[in-house]
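Undergrad: Before anything else, here's the structure in question.
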Amino acid sequence: MSLLSAIRSWTTEIGVYHAGSLYPEDNFPLSWLVRKVLSKVQIAEKTAEELRSLSEKGVVIYALKNKSQLNSLILRDLSGRKGIPRPVYCHGINMLTWQPYLMGLRVIMSHLSRLIFKRTELDPVRDDHLKQLTLGKKSSIIHLGYSEIFENPFVEETLSRLMDVQKTSARPIFICPELITYGRRREKEEESLINILFGQTDATDPLRRVITFLRYSNKASVISAEPINLAEFMKAGDGIPREELVRQLRAELIDQIDQEKATILGPILKSREEIIGMVLRDKGLVDFMAETAAKERKRKRDFHAVRREARKYLDEITSDYNEIYVEIWEKVLTWLWHNIYDGVVVDTEGIAKIRQLSKKMPFVIIPCHRSHIDYLLLSYIFYKNNIQMPFVAAGTNLSFFPMGYIFRKSGAFFLRRSFKGNELYAEVLSRYIKVLLKEGLPLEFFIEGGRSRTGKMVMPKYGLLSMIIQAYQEKACPDLAAIPVYIGYDRVIEEKAYLQELSGAPKEKEKATEIIKGGKLLRKRYGRVYMNVGDPILLKSYLAEQEMPLAEMNVSERQSLYRRIGYKIVRAINQVSVVTPFALTSAGLLCYDRRGISHGELGDVLRSFYDYLSFRKVSFAMTFADREAAIAEALKLFDQSGLISRMGAEEEEEEVEEIVYSLDDDKRMNLEYYKNNILHYFLPVSFVASSILTILEDMVPVNRINDDYAFFKRLFRHEFIFDERKNDRDEVREILAYLQSRGMIAGFDNEEKAWIEVKGRGRTNLLPFAGLIHNYMESYWVVIRGCYYLRKGPKAE
């Protein structure tokens, strides 16, 4: 045998090896370093679980927007660390550099054999390797080409061949579009030097991609868009020519990836000066400035003077977003949550709901306001969950140096607490809001105006809400989602300051020295932070349900609309508020007028309260998984903080039930704050219990309870946010049915002239429920008595 024949025989035996093959092991130079860097890339556990589930049902094909060896290695690495389906092949991507030495050598020899002896190269488009792997239930990686606008024959042929495979396979093929992000830098219209040299962060240039990844590898993450079931896609497109169906599939996959990117980063961000220029050029503002100048001609204020004043207001208001500050905040807040709090409990289903909405329309986050931490919390949660962060409306009291500068760079814009009478300022702010929405940027504002000092929801303010609705009316966006969000704390860091203000002390102005003094906060623990998402209000559909179109409403009708939307939002926040052990224990400690309560009696009360809240199907803190331990921990912290005193605990012979918790009058307000966090859940039963207890006889007419219930709601209409999903009579019926099921009353039926009978220990068991609002009734009684006394004439001081 000649030497040439021997070589030919040997190379033929090698077989066909593919440059796109991915192997679980590697031994290329510095492979250990590459693995270490790739190990920082994250994928949400829920996403990983979904990919594993798809793999059990069918075959997973990962779809990347661009050719990328780096992104392919990331997916392979995650398959080992997180158990997602392992890709064994990158179709159309040369992975030779990353293959084990022996495999790489075989690939080279295989290709040389074809070139020398067959005079052909392996055509990856017509090669059946992807087909055979898919039929063998193996996962692969394909790429889609940078843009759906330009045809890409290689990509389209690949997708067409996958359709051929699907026609012959009983198992569905799931094409999973994958977005791999390196950090959270928004794209900007103004080009930086790095962007000029290397292109934007998602550019196809490998050098830019590697440099960006190395800079932000600890922030890199994999996000899966909605997978496409190829069998269902082909069935839905039955009758459409194959070429067109392939184009539609490619376009949909690219759109999915682009939507995920927009969800995370938001639209391309204009500079602060560009935004200010857009506001000043807004036709509505220009017309308003011209009218203002005409009115003030006597004061010699021309249009240019008015415009300069508008520009001054914009300098005061406008945000100046910079990702560097956001990245710094991410590190600071991660440290904060683990050092003064015991973590953040996030409504994952609610976050998923926000992600889906953000793909369809701009959104406005509207949380309750309990602490200065609120400003930072939601942005942090959004950042961690790969959702574009909102631009946050903050009061000018937070614009003090240096924090104001930092907040502005982090996405805050500042507005005055009151600008009544300053029409130009109001118009400038309104037009700024409109421009932000027109740019597709999410917003966040606190509908209560300021932080709640009492722990309960404050009546809504309508200023910013009206500006947002006006911007929608002026077609700033085709639709808009208003998303109510509950933020709650086991304990707030401003507790002491709130109590001082409620005691009559003036509110202290925020300043940098207070931040420095706040270092002592780091020596305390404040429990957990909770975030829940309420049902969003889609503005387009909500306004369509109104009796009159928005454009036809007069001022009074508009005010009524703002009021309805405002109350709908705060009710939605109340409905998803979290019951914490601190709040429930505070309610139990305060439900009687006396200064002390025994451990056993407190336990009975808390079990009764917990049972009622379970009946209402409210959201409980996760710590209630071990209810007794959670309550014991709350009591321990209250004791350590000096809010309560334990008497009898020192005596070892004493039974636990004989321990008495004593409340200092000076500390009741601390506990009152946390009781108020959940008081709205108890209002219906408190009103009914109070009505029953005002009648000395055991037989009570239901009509009397209905009348009292309506009276209490009228009396406290400016004090509490009531749940209006049921009418008053239905609410009373529901509460009476609950009390009857617990043996406190008997004889209740749905007849109009029905009576109830208080049974056994019914009055004793109703007292804690009625006691929850006793302090409010006393306060109103004192005020009414005082007003009556003052009406008799002037009094000496």
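No value in this document is a laboratory result; all are computed from the given coordinates. Keep in mind the model is a prediction, meaning the values are calculated, not measured. Counting neighbours? That spans all protein chains shown, and the Cβs are built from the backbone with ideal geometry, glycine included.
Undergrad: So what are the ³J(HN,Hα) numbers for region 682-694, from phi and the Karplus equation (6.51, -1.76, 1.60; θ = phi - 60°), rounded to whole Hz, Gly and Pro as x?
TA: 8, 4, x, 6, 5, 5, 5, 4, 5, 4, 4, 6, 6
Undergrad: What are the GluC sites (Glu not before Pro) within region 567-675 that DSSP puts in a loop, where the Cβ has at most 14 other Cβ atoms within 10 Å?
TA: Answer by residue number: Glu650, Glu651, Glu652, Glu653, Glu654, Glu655.
Undergrad: On a 20 Å Cα-Cα criterion, which of the cross-link pairs Lys420/Lys461; Lys312/Lys434; Lys46/Lys67; Lys65/Lys353; Lys283/Lys434; Lys312/Lys409 come out too long?
TA: Checking Cα-Cα distances, Lys46/Lys67; Lys65/Lys353 exceed 20 Å.
Undergrad: Using only the C-alpha atoms of region 320-575, find the volume of their convex hull and express it per residue in Å³.
TA: 137 Å³
Undergrad: So which lysines can Lys496 reach, going by Cα to Cα under 25 Å and dropping same-chain residues fewer than 8 places off?
TA: Filter leaves Lys456, Lys507, Lys509, Lys511, Lys517, Lys520, Lys524, Lys636, Lys667, Lys675.
Undergrad: Could you give each residue of region 620-627 its phi-based ³J(HN,Hα) in whole Hz, using Karplus coefficients 6.51, -1.76, 1.60 with θ = phi - 60°, and x for Gly or Pro?
TA: 9, 5, 4, 5, 6, 4, 10, 4
Undergrad: In whole Hz, what ³J(HN,Hα) sequence does region 768-779 give by Karplus (6.51, -1.76, 1.60; θ = phi - 60°), x for Gly and Pro?
TA: x, 5, 5, x, 5, 10, 4, 5, 5, 5, 4, 4
Undergrad: Among Arg564, Arg571, rank each residue by its count of other Cβ atoms within 10 Å, from fewest to most, as a rough exposure measure.
TA: Arg564, Arg571
Undergrad: What's the magnitude of the charge dipole for region 679-783 around its Cα centre, counting Lys and Arg as +1 and Asp and Glu as -1 at the beta-carbon? Answer in Debye, nearest 20.
TA: The dipole of region 679-783 has a size of about 180 debye.
Undergrad: Limiting things to C-alpha atoms, what are the Rg and the maximum Cα-Cα separation (Dmax) for region 578-676, in angstroms?
TA: When restricted to Cα atoms, region 578-676 yields Rg and Dmax of 13.1, 40 Å.
Undergrad: Further question on the same structure: log₁₀ I(q)/I(0) of region 679-783 at q = 0.10, 0.11, 0.12, 0.14 Å⁻¹, via Debye over equal Cα point scatterers, no solvent, to two decimals?
TA: Cα-only, vacuum Debye calculation for region 679-783: -0.25, -0.31, -0.37, -0.50.
Undergrad: Sort 532-541, 367-376 for me by packing, meaning the mean count of neighbouring Cβ atoms within 10 Å per residue, highest on top.
TA: 367-376, 532-541
Undergrad: Next question, about the same structure. Of Lys359/Lys438; Lys131/Lys261; Lys137/Lys235, which sit over 26 Å apart, Cα to Cα?
TA: Lys131/Lys261
Undergrad: For region 367-465, what is the convex hull (Cα atoms) projected area averaged across all directions, in square nanometres?
TA: One quarter of the hull surface, i.e. the mean projection, equals 7.1 nm².
Undergrad: How big is region 246-305 along each principal axis, measuring the range of its Cα positions in Å and listing the largest first?
TA: Over region 246-305, Cα extents along the principal axes are 68, 21, 13 Å.
Undergrad: Once you have all Cα-Cα distances for region 303-412, histogram them in 5 Å bins from zero and send the whole-percent values.
TA: The percentages, shortest bin first, are 2, 9, 18, 20, 20, 14, 7, 4, 3, 1, 1, 0.
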